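Below is one structure, written out as C-alpha cells; the observations come after it.
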C-alpha cells in the first residue's frame, strides 16, 4: 500500500511557513489529502505535485497571476492534469507565475514576487518561478510549468533544479492559458532527475537509450553579444569561464558549431511571433489593459507594431531553423550552452525593468530551442558567487528520449 506522508508534509506547519517566506504556492488544494487517500485505495503511491497557475485545475482557483482572473475557478481540468491524476500525482496547489506567463522574473503577479530559495532577496526567474522555487525548497518533489521562451529553463537555472521543456506539441496544451501558440510547451521541474524520468516515462517521452559516445556541439552563438555583456561583464565572464571549465571536465568529445541560419533568424524573428500571438490572445480585453501589470501591458502594445507579412515570414523561417537543427543532430547528440548568462538578479534590481535588458539577457540562450521546437533540459551544474546557474542540453526535434538518456550522465552541483 502507498503512504500519504509526502502529501501530508506539504500541509505541515513547517512547510506552510516556508512557503510564506518564498511565495511559491499561491493556492492550496484543500482536498489534497482526501484525494491522496483515494489513490492509496487503488494501491498507488500518491506523489504531491505543484501546478503553474495558468494550467486549469477543476475546482481549484487558477488566476494567471492577474487581477482579471483572481477569483476564476475552472470547471474542467487541463489535459495534463487529467493525465497526471491517473498516474497517481496529487495536485497540492497552484504555483505563482508572472502575470499571464508574460515575463521572466515572477515579480509582476497579484501575489507578489516568488523569492529564490538560495537567497530570498533574489528573483526565482519566470514565468514558472513558483514551480521552480517549490521544488528547490523541497516543498514538493516535482512540479509542472510551461515554457514559451524559457519559462521552465530560466527559473530552473536560477533556482538550481532540473527543468525539462518537452518537444513542442508532445504534450497537449488544451486547458493551458495561452501565451504564444507557436511556442507554448509543457514540462517538469525537480531536484531529483529520477522524478523527471518517471513522469516523462508515463507520458511516453522516455525510453532508456544506450549512447556509446556522447558528441557535444557548442553553438558559436553562445557568446553573448557585447550590448548584453555590458549589463554586468564581470558576472557574464564568470559564467562563461565556469561553463567552459565544466565542458572541459566532462570528458566527452565536443566541437564549436556554426549555426548561420539560427543566427540570421532566431533572435530577429522570435519576438515578432511571440508578441504578435500574445497580443492576439488579449486583444478582446484591450479595454481592460490598464488593469494589467505595466510590463505585461507594454509587451502587448509592442505586439500591435508588427505587420502580418513580418509575422508570416518569421513563421516560414522557423522551418529553416528546424532543418538546420536536424542536420546538426546527425553529427552531434546534443547542443550545450549555459541556460542563463547570469545568476539570479535581486528583486529590487529588476523591479519595473521587466521589458528591458533583464528579459533580453535571461532569454538569450533559451529562445533558440523554443523557435526550433526542440526538447531541452536545464541541469543544475554551475555555481557563480554561491548562486546556481544551469547548463542547457538541446536535443534534436522529437528526440526527448535521447536527450533524457544523455542528461543523466551530466554532473550536477546541487
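Read the figures in this text as sums done on the coordinates, not as results from a lab. Here the structure is a predicted model, which means the values were calculated and not measured. Heads up, the Cβs are rebuilt from the backbone with ideal geometry, glycines too, and the neighbour counts pull from every protein chain shown.
Under 20 Å from a label point set 7 Å out along the Cα-to-Cβ vector of residue 263, the amide N atoms of segment 238-255 belong to 240-241, 244, 254-255.
Between 184, 295, 198, the residue with the greatest mean-square fluctuation in the GNM of the chain (Cα pairs under 10 Å linked by springs) is 198. Within segment 342-414, the percentage of alpha carbon pairs spaced more than 19 angstrom apart rounds to 48%.
In this label model, residue 220 and residue 83 are separated by 3.8 nm, measuring between points 7 Å along each Cα→Cβ vector. Based on every Cα atom in segment 215-407, Rg and the maximum pairwise Cα distance Dmax equal 17.9, 57 Å. Taken along the Cα-to-beta-carbon direction at a fixed 7 Å, the label points for residue 413 and residue 331 span 2.9 nm. With Rh defined as the Kirkwood radius, the inverse of the mean 1/r over Cα pairs, the Rg/Rh of segment 275-388 is 1.03. If a spin label sat at a point 7 angstrom from the Cα of residue 42 along the line to its beta carbon, no backbone N atom of segment 135-169 would be nearer than 18 Å.
Going by neighbour counts of Cβ atoms within 10 Å, the residues 357, 197, 218 line up, fewest first, as 357, 218, 197. Of the residues 73, 55, 379, the one that moves most in a GNM of the chain with alpha-carbon contacts below 10 Å is 73.
Taking only the Cα atoms of segment 5-202, the ratio Rg/Rh comes out at 0.93, with Rh defined as the Kirkwood radius. Spin-label pair residue 120-residue 245: with each label point 7 Å from Cα along the Cα-Cβ axis, the two points sit 3.1 nm from one another.
Tell me, 368, 265 in order of fewest to most beta-carbon neighbours within 10 Å? Before the final figure, lay out the partial values.
Values: 368 27, 265 19.
Ordered from fewest to most neighbouring Cβ atoms within 10 Å, 368, 265 come out as 265, 368.
Give me the one-decimal Kirkwood hydrodynamic radius in Å for the chain, with the sum taken over alpha-carbon pairs. For the chain, inverting the mean 1/r across all distinct Cα pairs yields 21.0 Å.
The alpha carbon centroids of segment 179-213 and segment 284-299 are separated by 34 Å. Arranged from fewest to most other beta-carbon atoms within 10 Å of their beta carbon, 189, 25, 177 become 177, 25, 189.
A Gaussian network model of the chain, with springs between Cα atoms under 10 Å, assigns the largest mean-square fluctuation among 214, 142, 377 to 214.
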